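Here is the structure we will look at, set down as structure tokens.
The values are calculated or read from the model by the stated rules, or taken from the named source; none is laboratory data. No experiment lies behind these values; they were computed from the predicted model shown. Positions of Cβ are generated from backbone atoms using ideal geometry, with glycine treated the same way; all protein chains shown enter the neighbour counts. Side chains included, ligands, DNA and RNA excluded: accessible areas come from the protein's heavy atoms. Shrake-Rupley method; radii C 1.70, N 1.55, O 1.52, S 1.80 Å.
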Amino acid sequence: MEGSTDITMDDRARKCDGGGKKAFYTVLCSMLNLADARFLYGCTGMSLDYAAREPFWRQHLNFNHGTGHGVGYLGNIHEPPARFFWKMPMGTCTIPALEPGMVITDEPGIYIENSHGIRTENELLVVKDTENEYGQFMHFDVLTYVPIDLDAIDENLLTYKEKKWLNDYHQAVYENISPYLTDEEKAWLKEYTKAI
């Protein structure tokens, strides 16, 4: 099977002085908030960007890049029209709704000048959820399965919900990836996807 992908996982936050783990936590919460969003059909990437930026804005921080972009099947990594952004780009007249089947990145980051930068990125698939009297609800399925660095996480900062999401994600990483690994690689993956 062929296709394009675009993911980034940082594994050096634990080595950063001056709040590397706190910054890693903020980026992780941002990525988790967006990946876990539930929304009504008709929402755009602009509607949902707040879910990613809220952990930053609560601390009076921001990241000065888009939160995510569409990914083409072959070739075009930055594929319109899907994207997450918080303000209307210059010259834009319309913003398309997120449609089932769209693939879009979830990639918040933080960059501290002369210190460190952290980005945690995954790819999401837009899918239909429940339909009821309020309309068609939607959610995201995670498409890319790469472990998130447990050594960079201060467990004391995580809420119950964040721990559960992270543990569920790591269980899915192990289940999806381990069948393709050697015994030695499986042992490494099991350690780095263990529940916390």
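Taken over segment 40-55, the residue count meeting the criterion of being under 24 Å from A23 (Cα atoms), of a type in the set (G, A, S) and open to solvent by 20 Å² or more (accessible area, probe 1.4 Å) is 1. Inside segment 167-191, residues that are at pLDDT below 95 and within 24 Å of G19 (Cα to Cα) make up a count of 0. Scanning segment 147-193 for residues that are within 22 Å of I118 (Cβ to Cβ) and not in a helix (DSSP H, G or I) gives P147, I148, D149, I153, D154, L158, T159, T193. For segment 96-109, the criterion of being open to solvent by 30 Å² or more (accessible area, probe 1.4 Å), on the phi > 0 side of the Ramachandran plot and not acidic (D, E) is met by at least one residue. A search for C-beta distances below 9 Å between a residue of segment 32-59 that is at positive phi and any residue that is surrounded by fewer than 20 Cβ atoms within 10 Å (Cβ to Cβ), counting only pairs 6+ apart in sequence or on different chains, returns G42/A97; G42/G135; G42/Q136. Going through (1) part of a loop (DSSP other than H, G, I, E, B); (2) farther than 20 Å from N62 by Cβ one by one, M88 falls short only on (2). Before we move on, is K128 open to solvent by 60 Å² or more (accessible area, probe 1.4 Å) and assigned to a loop (DSSP other than H, G, I, E, B)? No; evaluated as a whole, the condition is false for this residue. Examine segment 106-122 for a residue that is modelled with pLDDT of 90 or more and over 16 Å from S30 (Cβ atoms), and state whether such a residue exists. There is no residue in segment 106-122 that is modelled with pLDDT of 90 or more and over 16 Å from S30 (Cβ atoms).
Just to verify a result, which residue in segment 111-125, among those that are part of a strand (DSSP E or B) and acidic (D, E), is surrounded by the fewest Cβ atoms within 10 Å (Cβ to Cβ)? Ranking the candidates gives E121 first.
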